[in-house]
Structure formats: structure tokens, C-alpha cells
Amino acid sequence: QVQLVESGGGLVQPGGSLRLSCAVSGSISSINPMAWYRQAPGEERELVARMFSGGTTNYEDSVKGRFTISRDNAKNTFDLQMSSLKPQDTAVYYCNGHSTYYGMDYWGKGTLVTVSS
């Protein structure tokens, strides 16, 4: 039906930047909303950023001003641009999208972001 594939995770030093991308199979126009979640070791998965059709966004308080969610309809991708990264941002990051066509959520398998010196 729908597949989401993350890329861009890796090791970055505190204060650095990283961009995560989520490739969406088929047409991204049927995905609403799209979001990024993360799960740190020993913690529950939390919503990091979410974007609705029309451009409305929500951000977790600790990432406001540092992370930006965006989408490129032509490329069928949506991204999470992360800057001023902190060790507390270390987590597995998952992209998520709700398909209005199939009526269900889809998840990527996750990409690990490690912020450490």
C-alpha cells in the first residue's frame, strides 16, 4: 500500500546539524498529516514535529526553534531539518504518515540519530 523510508541518521557532535528525509511511495498528496516521532533509550515514543495539509505545524517544546519539518510534493518526500543538536536529541527517529486513501497510519522503520562528542 504505502511505504515510508527514512534516511539521514548518523553520528553528529553537539551543536551540529542533520537532515532526515522520508521517502513516500506513491503520491504524497494522499498523506495528511505527516510527522516525525522519536524514541530515546528507555523512553516512550514521542511526537517531534507534525505537518498538516495547508502547512500548519506542531513541534515538541524542546525542539521549537531548532527543528523544521517540510515537504517536497514533487519528490514525494518530507524532511526534518535539525540544528543545534543536543545529546538529549539522541533517539531513533521515525517518519509517520496517515494515508487518507487507505485510511490508516504508516511508519518507517526508523533511523538512529546519535548526538555525542
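The values are calculated or read from the model by the stated rules, or taken from the named source; none is laboratory data. Fair warning: this is a prediction, and the values are worked out from it, not measured in the lab. Because the Cβ atoms are built from the backbone with ideal geometry, glycine has one as well, and the counts that use them run over all protein chains shown. Calculation scope for accessible area: heavy atoms of the full protein, side chains included, ligands and nucleic acids excluded. Shrake-Rupley method; radii C 1.70, N 1.55, O 1.52, S 1.80 Å.
Leaving out ligands, DNA and RNA, and with a 1.4 Å probe, what % of the accessible surface on region 1-111 is carbon or sulfur?
The nonpolar share, carbon plus sulfur, comes to 46 percent.
Enumerate the calculated ³J(HN,Hα) couplings along region 51-58 in order (Karplus 6.51 cos²θ - 1.76 cosθ + 1.60, θ = phi - 60°), each rounded to whole Hz, writing x wherever the residue is Gly or Pro.
10, 9, 4, x, x, 5, 10, 10
Work out from phi, with θ = phi - 60° and the Karplus expression 6.51 cos²θ - 1.76 cosθ + 1.60, the ³J(HN,Hα) of each residue of region 99-105, listed in order in whole Hz, and give x for Gly and Pro.
After applying 6.51 cos²θ - 1.76 cosθ + 1.60, I find 7, 6, 6, 8, x, 7, 8 Hz.
Report the calculated FRET efficiency for Ser53 and Ser84 (r = Cβ-Cβ distance, R0 = 22 Å), to the nearest 0.05.
Efficiency computed from Cβ-Cβ geometry: 0.15.
For a protection proxy built on the mean count of beta-carbon atoms within 10 angstrom, sort 90-98, 54-62, 1-9 highest first, please.
90-98, 1-9, 54-62
Tally Lys and Arg at +1 and Asp and Glu at -1 over the other residues with C-beta under 14 Å from the C-beta of Glu43: what net charge comes out?
-2
Going out from 0 in 5 Å bins, what whole percent of all Cα-Cα distances in region 3-68 drops into each bin?
Once binned at 5 Å, the Cα pair distances of region 3-68 give 3, 13, 20, 28, 22, 9, 4, 1.
Would you mind working out the accessible area per residue for the chain, using a 1.4 Å probe, and quoting it in Å²?
53
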